[in-house]
1. Take the alpha carbon gyration tensor of the range 53-110, find the square roots of its eigenvalues, order them as a ≥ b ≥ c, and report rounded if a/c is under 1.5; if not, report prolate when a/b exceeds b/c, else oblate.
2. Just want to confirm a number: the relative contact order over the range 75-118, from Cα pairs under 8 angstrom separated by 6+ residues, in percent.
3. What FRET efficiency comes out for residue 33 versus residue 54 if R0 is 41 angstrom and r is the Cβ-Cβ distance? Round to the nearest 0.05.
4. Return one whole number: the accessible area per residue of the range 77-170 in Å², for a 1.4 Å probe.
5. Taking the Cα-to-Cβ direction at residue 131 and at residue 117 and moving 7 Å from each Cα, how far apart do the two end points lie in nm?
6. In square nanometres, what is one fourth of the surface area of the convex hull spanned by the alpha carbons of the range 54-149?
7. Are there any GluC sites (Glu not before Pro) in the range 117-159 that are in a DSSP loop and have at most 14 other Cβ atoms within 10 Å? List them by number.
8. Over the range 60-144, calculate the relative contact order: mean separation of alpha carbon pairs under 8 Å at least 6 apart, over the residue count, as a percent.
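The values are calculated or read from the model by the stated rules, or taken from the named source; none is laboratory data. This is a predicted model, so every value here is computed, not measured. Positions of Cβ are generated from backbone atoms using ideal geometry, with glycine treated the same way; all protein chains shown enter the neighbour counts. Remember, those area values only see protein heavy atoms, side chains included, never the ligands or the DNA or RNA. Shrake-Rupley method; radii C 1.70, N 1.55, O 1.52, S 1.80 Å.
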Amino acid sequence: MNIARAFPVACAVLSALLALSVSLPSRAADGAAPLVGTWRVERVTDTDSKTGKVVHPYGEHPKGYIVYAPTGHLSVQLMRTPATPPFASGDDAKGTDAEVRAAYDGFVAYFGTYEVDAKKGVVVHRVEGSLMPSYTGTDQPRPFRVEGDVLTIEGDSEGVHFLRRLRRVR
């Protein structure tokens, strides 16, 4: 086939592939639309179901983001405030056991994919990698609701009522 004939055929094939890729559904599923975007953490509390004691595991003003991509991927980073101080040695590779533990306890990070069950009001975080080894390879269901620009993730687990409130970043 000569180039004059091949060029229109190649253009037609590329156009068809482009049209197909645009029309394919997102891996996040139809119910994910309200979640897609970047969400800034505003509040993180855990309440003991027996005693009613409220704990702010990342401080009263935690910092962080959850990003739900339209491709069905997610990224979660959350840190305690005030932030963990720098290691006394000045070298992040030479922290004491206590310094390293404080840094670990003051930060959550994981990534993976997500799926939404809009009827149940649950988003499942399918964790591919995590700072917490026990999360890697697990599914983390999160009951959620979106009201305007506020995302609330709230539920009960192992005697604790958890509440995570986030605001959409515009």
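1. On the way: a/c = 2.86, a/b = 1.54, b/c = 1.86.
Verdict is oblate for the range 53-110.
2. Details: 31 pairs, mean separation 24.7, N = 44.
RCO, the range 75-118: 56 percent.
3. Numbers: r = 33 Å, r/R0 = 0.79.
Once the sixth-power term is evaluated, E becomes 0.80.
4. Values: 5690 Å² over 94 residues.
Accessible area per residue, the range 77-170: 61 Å².
5. 2.9
6. On the way: hull surface 32.8 nm².
Over every viewing direction, the Cα hull of the range 54-149 projects on average to 8.2 nm².
7. For GluC sites (Glu not before Pro) across the range 117-159 that sit outside H, G, I, E and B with at most 14 neighbouring Cβ atoms in 10 Å, the list reads 158.
8. Values: 144 pairs, mean separation 19.0, N = 85.
Relative CO of the range 60-144 lands at 22 percent.
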